[in-house]
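Enquirer: The structure that follows is given in the form of structure tokens.
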Amino acid sequence: AVAVVAMVAAQSTLRAAVLASEARAGAAAVQAMVDDGSLPAGYIPILMPAYDRPEYLAQVLKALERADGMQSTVLIVSQDGDNARVAAMLDAVTAFRVVRLSHWRPYLGGLPRLFLSHSDFATADNVRWLLRFAFESLRARNAIVLESDIRPSTDFYRFFQWMAAEIEGNATLRERVWTVNGYNMRSRRGADPYTLSPFGFTVWGWLCPGSTWPDIRDGWTWFHNWDIQVEAARRASGRASLTPALSRMRNIGMQGINFDVRSAADAAKWEAVWTSEVGVPYWGKAPVVTEQWARA
């Protein structure tokens, strides 16, 4: 046991040094884009944790190619492990900017699974690292988290960009909003693109305002479901996550750590979530927030 603890400590120290080096290199690459004018100041980085599911990643990248506003941002991918297909897909993208940062998984790759039968340790570490990179290395004011099995709508970036500006410019929203969800299971054709409701935190594609990051960071979990911990921190804060009536995300990852949909009937329920595949004019529009804050 002592030898195992020593190995984990040594690996953690080395990995921390590697990650710090990656953060410096990634930040320099992004800053170069800003300096040469190809990436506008005030962009919102899109953060994507990735591991080993290229079949889903391919669909997400195709959706990003069609998304409005991708020329105004950069996709930051933190790749756990060395899956060659995942790396090749990301390196082949030319339609928008991608910065891929790769490293090995924490805790000797899988040690916690010897003690925890069901653990989100690697994903939790990866998402936290991406958020730290965005807010502490890039000094971003806001960040979008988009997992590699969540297919975004055509207008998702403009939607989050619009809501980030609204929150920054509205004292009531700054005080009350925890995050902005991109997903709504009940979204159907005809849903109003400007209406949002106070709700709990939803993990499938979301906007993290910079003002919320310190509270999320301080309440992070190292081994368990990080999204459940973020929701617990939201409740403790007294704030609400805003969920759009019109979903900007569709979950396509039918198999994963916490998801296992096998039947066509169950899969059809997830496919029924309506997302817009046409542009939505946001500027000059104000969000319509239903008054249900106390129930969130």
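Enquirer: Work through the residues other than N184 whose Cβ is under 12 Å from its Cβ and net out their charges, Lys, Arg +1 and Asp, Glu -1.
Expert: Computed value for this residue: +3.
Enquirer: Right, here's the next one. Accessible area, 1.4 Å probe, largest first: how do W283, W178 sort?
Expert: W283, W178
Enquirer: Between segment 167-182 and segment 38-56, what's the alpha-carbon centroid distance in Å?
Expert: 23 Å
Enquirer: A further question follows. How would E231, E55, E291 line up by accessible area, probe 1.4 Å, largest first? It would help to have the intermediate numbers written out before the result.
Expert: Values: E231 30, E55 95, E291 140 Å².
In descending accessible area the options line up as E291, E55, E231.
Enquirer: Assign one of three labels to segment 141-293, namely rounded, prolate or oblate, based on the Cα gyration tensor with a ≥ b ≥ c the square roots of its eigenvalues; rounded applies when a/c is under 1.5, prolate when it is not and a/b is larger than b/c, and oblate otherwise.
Expert: Since a/c reaches 1.5 but b/c is at least a/b, the shape of segment 141-293 is classed as oblate.
Enquirer: Which shape class applies to segment 134-175: rounded if a/c is under 1.5, otherwise prolate when a/b exceeds b/c and oblate if not, where a ≥ b ≥ c are the square roots of the Cα gyration tensor eigenvalues?
Expert: Verdict is oblate for segment 134-175.
The values are calculated or read from the model by the stated rules, or taken from the named source; none is laboratory data. Predicted, not measured: the structure shown is a model, and the values here were computed from it. FYI the Cβ positions are ideal-geometry reconstructions off the backbone, even for glycines, and counts take in every protein chain you see. Only protein heavy atoms, including side chains, enter the accessible area calculation; ligands, DNA and RNA are left aside. Shrake-Rupley method; radii C 1.70, N 1.55, O 1.52, S 1.80 Å.
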